[in-house]
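Everything below concerns the one structure shown next.
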Protein chains: 2
Amino acid sequence: MLEQTCFLFWLGLKTLLVVVNRFFLIPQVGQNNGEARDAVIILEKTPFSEETLPHLLNKDADLRLQFRNDIYSTHHLHPLPAFNEIKTTVVYPATEKHIKKYLKQEMYLINETAEDYKTITSPYIESQSFSIQWVYNILEKKAEADHIIYENPDPQDGFLLIPDLKWNQKQVDDLYLIAICQRRGLKSLRDLTGEHLSMLQNILQEGQVAISKRYNIPGSQLRIYFHYQPSYYHLHIHFTAVSYDAPGTMVERAHLLSSVIENLQTDPEYYQKRTLTYALKADDPLLQRFKEAGRM
Amino acid sequence: MLEQTCFLFWLGLKTLLVVVNRFFLIPQVGQNNGEARDAVIILEKTPFSEETLPHLLNKDADLRLQFRNDIYSTHHLHPLPAFNEIKTTVVYPATEKHIKKYLKQEMYLINETAEDYKTITSPYIESQSFSIQWVYNILEKKAEADHIIYENPDPQDGFLLIPDLKWNQKQVDDLYLIAICQRRGLKSLRDLTGEHLSMLQNILQEGQVAISKRYNIPGSQLRIYFHYQPSYYHLHIHFTAVSYDAPGTMVERAHLLSSVIENLQTDPEYYQKRTLTYALKADDPLLQRFKEAGRM
């Protein structure tokens, strides 16, 4: 493989994407009928596990001093191969489309004015007719009914609280729940007005109490926020542990519920007037619409 | 070491802190005069490097199939020890204080009202008399003068743009620059009023142009924001690449410059009135002050 052309892309410091042109030399991966095809290989350093730790730090450990200063020293540790594996995912043969899917894409910030929302974003959302039947299934207890942590059944001001699918619920370090409002027709932050304040206050207060009772995490250790743009257009609110660096908490995507409430108290039409900033991937069709409208 | 008591703390999925009581069995680390003392060991999987990659993916690679489905397969790769090292930092002997320093601390969210700022936060900042002489040294060209990327010398509305020390400037993927305002006496976001709009607009516009010229990164790929609380109390603004998940970009710490400008245009006294939310570590003395004031 050494003589082949490789392109390296760091997906993270400890995750590497390798695109190999004319990949044919690793027999474990598969036969190629003599024909050399492209491959995508993702290498990922695995997390430490409690089981392998004793093998890393036993007295035969190959621990080489790098430098020492008083009580501090750094070393290179070279564990036996069995105790230090790399997770390897191979797509072979890979097309241009696979390569693109795995590549980290360029991101662009959009400053969406109120006018942009009316003329670009809202028509785009309508045109996509994203299905949210799965959300209605949850609200109607046709799905995930046994997952519900808390429910306020009021059709106007109520909500359901359920664990997010990203959370395995085994430890509270990465606690992640979602509040889904009972009321239908609210697509996102943009639709909120002073009229929705009592619903938002219910979610803030009752959500914190329910999580404190169930998981023993006080409200002061919860980050409670909207995404804008959201990933689906039925209003919902994220609850994550403050010490957990959850995906989607960046300033260009997350809006704290407490700030949203204060904004609506100051101006009931705040979200119908303001510019909202968010990031879109280079291939997002919404970004294309902003470009076509000359707004990028 | 296996018979000793170990406490494991995951600082991240790929960074592990081990606290060892009565550590005495790894001879490479140091002699202990027969006395067993505590040690802190930090194990960290290292990033992939371009140099070792050929050794990971050559035809002799120990690549074991985990499962295969059509063109997708996952494998366990066990490289030779020399090509898969673990960075190991040892503190030995370690005191309780060392152990605490390395442990990830609980975080708490503070909802700081305008009143809290006046009665708790501002007196705290004054009492600490944090030195910002190093910032003045930069502004007066006594330090880092050769690092300056752009300067607007106006003493009221000007600023300096310099690379952040966290950025090695070798690739723009993790681009990180700081704009430091020339004007003295502005401690943070809390001090901003409508009077500062022209300075903020200079930083937004000229900062983007300077970065585009020097690094060929357009303004639409920059995240431009304040930290609140900041790490030092001379007003400064962060510029990072949008696709870079830079530390300190979370909604509970970062405030987009474009939003700050819009807020001040709507209400010149916005930041003297609003509640601002931020996270503090359990041992932060400011958190202690909020507790003493009955605000936590």
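State the Cα centre-to-centre distance between region A:162-236 and region A:36-67 in whole Å.
38
Order by neighbour count: A:H55, A:H78, fewest other Cβ atoms within 10 Å first, most last.
Taking fewest neighbouring Cβ atoms as first place, the list is A:H55, A:H78.
Could you check the simple spin-label distance between A:R295 and A:Q128, using points 7 Å along Cα→Cβ, in nm with one decimal?
In this crude spin-label approximation the distance works out to 1.4 nm.
Calculate the FRET efficiency for A:D60 and B:E144 from the Cβ-Cβ distance with a Förster distance of 30 Å, rounded to the nearest 0.05. List each step's numbers first, then the result.
Numbers: r = 47 Å, r/R0 = 1.58.
Here the calculated transfer efficiency is 0.05.
What is the angle, in °, between the Cα long axis of helix A:257-266 and the longest principal axis of the Cα atoms in chain A? Nearest 10 is fine, range 0 to 90.
30
Would you look at the GNM of chain A, springs on alpha carbons closer than 10 Å, and say which of A:L57, A:L16, A:L186 moves the most?
A:L57
Please report which chain A residue places its beta carbon nearest the axis carrying chain A onto chain B, with the distance rounded to a whole angstrom.
Residue nearest the A-to-B axis, with distance in whole Å: A:K45, 2.
If the only charges are +1 at each Lys and Arg Cβ and -1 at each Asp and Glu Cβ, what is the size of the charge dipole of region B:107-292 around the Cα centre, to the nearest 20 debye? Could you put the intermediate results ahead of the total?
Values: 18 positive and 24 negative charges, 42 e Å.
Dipole about the Cα centre, nearest 20: 200 debye.
Could you grab the relative contact order for region A:107-292? Cα pairs under 8 Å, six or more apart, rounded to a whole percent. The partial results should precede the final answer.
Numbers: 285 pairs, mean separation 53.3, N = 186.
After rounding, I find 29 percent.
May I ask for the distance between the Cα centers of region B:272-296 and region A:251-296, given as a whole number of Å?
29
Excluding B:P285 itself, what net charge comes from residues whose Cβ is under 14 Å from its Cβ, given Lys and Arg +1 and Asp and Glu -1?
Working: positive: B:K281, B:R289, B:K291; negative: B:E126, B:D283, B:D284, B:E292.
Result for the neighbourhood of B:P285: -1.
What is the order of B:D267, B:D283, fewest Cβ neighbours within 10 Å to most?
Values: B:D267 15, B:D283 11.
Listing B:D267, B:D283 from fewest to most nearby Cβ atoms yields B:D283, B:D267.
Can you give the helix-only mean residue ellipticity at 222 nm for chain A, where every DSSP H stretch with n ≥ 4 adds -39500 (n - 2.57) and the sum goes over all residues, rounded to the nearest 500 deg cm²/dmol?
Working: 8 runs with 66 residues, N = 296.
Estimated from H runs of four or more residues: -6000 deg cm²/dmol.
List the distances, in nm and shortest first, from the label point of B:Q169 to the matching label points in every other copy, placing each point 7 Å from Cα along the Cα-to-Cβ direction.
Distances between equivalent label points, in nm: 5.2.
Treating only the Cβ atoms of Lys and Arg (+1) and Asp and Glu (-1) as charged, compute the dipole magnitude of the protein assembly as shown about its Cα centre; round to the nearest 20 debye.
Details: 62 positive and 72 negative charges, 104 e Å.
It works out to roughly 500 debye.
How far is A:R214 from the same spot in each other copy, in nm, shortest first, if each label point sits 7 Å from Cα toward Cβ?
4.9
Starting from the Cα-Cα distance between B:D267 and B:K281, subtract it from 0.36 nm times their residue separation and give me the gain in nm to one decimal. Intermediate values should be presented prior to the final figure.
On the way: separation 14, 0.36 × 14 = 5.04 nm, distance 3.17 nm.
Fully extending the segment from B:D267 to B:K281 adds 1.9 nm.
Just need the relative contact order of region A:88-200 here, percent rounded to a whole number, with Cα pairs under 8 Å and 6+ apart.
On the way: 78 pairs, mean separation 17.8, N = 113.
It rounds to 16 percent for region A:88-200.
How high is the FRET efficiency between A:S212 and B:R184 when r is their beta carbon distance and R₀ equals 41 Å, given to the nearest 0.05?
That gives a FRET efficiency of 0.40.
Keeping to pairs on different chains or 8 or more places apart, tell me how many lysine pairs in region A:107-292 have Cα atoms under 28 Å apart.
Lysine pairs meeting the criterion: 22.
Tell me the net charge near B:E206. Cut-off is 14 Å between Cβ atoms, B:E206 excluded, with +1 for each Lys or Arg and -1 for each Asp or Glu.
In short, -1.
Summarise the long-distance tail of P(r) for region A:107-292 by giving the % of C-alpha pairs beyond 24 Å.
Details: 6729 of 17205 pairs.
For region A:107-292, the fraction of Cα-Cα distances above 24 Å is 39 percent.
For chain B, set up a Gaussian network in which alpha carbons nearer than 10 Å are linked by springs, and say which option among B:L222, B:L161, B:L65 fluctuates the most.
Per the Cα network of chain B with a 10 Å cutoff, B:L65 tops the list.
Rounded to the nearest 10 degrees, what's the angle between the helix A:197-215 long axis and the longest principal axis of chain A, both from Cα atoms, 0 to 90?
On a 0 to 90 degree scale, this one is about 40.
Using a Gaussian network model on chain A with a 10 Å cutoff between Cα atoms, which of A:D174, A:D38, A:D191 fluctuates the most?
A:D38
On full extension of the chain, what length is gained from A:R68 through A:F7, given 0.36 nm per residue of separation minus the C-alpha to C-alpha distance?
Net length gain for the segment: 18.2 nm.
Among B:M199, B:L222, B:Q182, pick out the residue whose Cα is farthest towards the positive end of the charge dipole of the protein assembly as shown, where Lys and Arg carry +1 and Asp and Glu carry -1 on C-beta, about the Cα centre.
In the protein assembly as shown, that residue is B:L222.
Once you order the gyration tensor axes a ≥ b ≥ c over the Cα atoms, which shape class does region A:173-283 get: rounded for a/c under 1.5, otherwise prolate or oblate by comparing a/b with b/c? Could you put the intermediate results ahead of the total?
Working: a/c = 1.78, a/b = 1.22, b/c = 1.46.
The shape class here is oblate.
Assume the label is 7 Å from Cα along Cα to beta carbon: what separations in nm does B:E96 have to the matching positions in the other copies?
From this label point to the equivalent ones elsewhere in the assembly: 6.5 nm.
Could you put A:H75, A:H227 in order, starting from the residue whose Cβ has the fewest other Cβ atoms within 10 Å? Don't skip to the end; give the middle numbers.
Values: A:H75 24, A:H227 18.
Ranking A:H75, A:H227 by Cβ neighbours within 10 Å, fewest first, gives A:H227, A:H75.
Compute the whole-percent fraction of alpha carbon pairs in the protein assembly as shown spaced more than 32 Å apart. Please report the intermediate quantities before stating the final value.
Numbers: 101005 of 174936 pairs.
Result for the distance tail: 58 percent.
Every number here is computed from the coordinates shown, using simple stated rules; none is lab data. Everything numeric here is computed off the predicted structure, so don't read it as measured data. Note: ideal-geometry Cβ built from the backbone for every residue, glycine included; neighbour counts use all protein chains shown.
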